[in-house]
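Participant: So that we are looking at the same thing, I have put the structure below in structure tokens.
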């Protein structure tokens, strides 16, 4: 498979999830990272889709739903139809709700460390009226508390999502993405 993703954090997460699901180690050849999503995303990636097909890859798109999954889904569908391309896609966190990779990751943290996330929520109440930390910042704080802030496992591209101390890769929250990956694996 060739995955079309928004960023390196998505790439590392999908690499670890595919390893867990299929015991298959993916390489950089299995990914096209586009560094975000924009209004011409499908059109801009047509050459990449064509190259992947010519190289024998089955392409899949995994993007953030962001703040309006209905609009994002329609933009992608319209782009695929306009370009005459049939590529399955999945919108994080669960292909049904608004959100992103970080929304999903917050759902798969190790339940033993729930207190860390609860403390962070209390902190957000405490600083109401100031800049509220993003989910990405919340994840960095969570991992920093587990591993220590200087540890490489805190960085997105270095995280080990198969580490049970920090993550629950068996979480039900991953079931929609697992089903999508299994359905599109092609093996």
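Participant: Report yes if residue 35 is under 20 Å from residue 5 (Cβ atoms), modelled with pLDDT under 95 and within 14 Å of the chain's Cα centre (by Cα), otherwise no.
Facilitator: Yes: the conditions hold for residue 35.
Participant: Suppose the filter is outside the structural domain of residue 9 (by TED's automatic domain parsing), farther than 20 Å from residue 8 by Cα and in a helix (DSSP H, G or I); does residue 125 pass it?
Facilitator: Yes, satisfied.
Participant: Working only within region 128-137, note down all residues that are touching a residue at least 24 places away in the same chain (Cβ under 8 Å) and assigned to a loop (DSSP other than H, G, I, E, B). Spell out the reasoning first.
Facilitator: So the first thing to find is which residues in region 128-137 are touching a residue at least 24 places away in the same chain (Cβ under 8 Å), and the list is 134-136.
The one that is touching a residue at least 24 places away in the same chain (Cβ under 8 Å) and assigned to a loop (DSSP other than H, G, I, E, B): 134.
Participant: Further, regarding this structure: For the subset of region 120-140 comprising residues that are under 23 Å from residue 17 (Cβ atoms) and in contact with a helix residue (DSSP H, G or I) (Cβ under 7 Å, 6 or more places away or on another chain), which member is surrounded by the most Cβ atoms within 10 Å (Cβ to Cβ)?
Facilitator: 139
Participant: Just need a number here: residues in region 138-187 that are under 17 Å from residue 106 (Cα atoms) and not in a helix (DSSP H, G or I).
Facilitator: 14
Participant: When you scan region 162-170, do you find a residue that is outside the structural domain of residue 35 (by TED's automatic domain parsing) and closer than 16 Å to residue 62 by Cβ, even just one?
Facilitator: No, every residue in region 162-170 fails to be outside the structural domain of residue 35 (by TED's automatic domain parsing) and closer than 16 Å to residue 62 by Cβ.
Per-residue answers, yes or no, for (1) under 30 Å from residue 54 (Cα atoms); (2) in contact with a strand residue (DSSP E or B) (Cβ under 8 Å, 6 or more places away or on another chain); (3) modelled with pLDDT of 95 or more:
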position: 95; (1), (2), (3): yes, no, yes
position: 99; (1), (2), (3): no, yes, yes
position: 122; (1), (2), (3): no, no, no
position: 126; (1), (2), (3): no, no, no
position: 129; (1), (2), (3): no, no, no
position: 135; (1), (2), (3): no, no, no
position: 168; (1), (2), (3): no, yes, yes
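The values are calculated or read from the model by the stated rules, or taken from the named source; none is laboratory data. Just so it is clear, the structure is predicted and the values come from calculations on it, not from any experiment. Don't worry about glycine lacking a Cβ; one is built from the backbone with ideal geometry, like all the others, and counts go over all protein chains shown.
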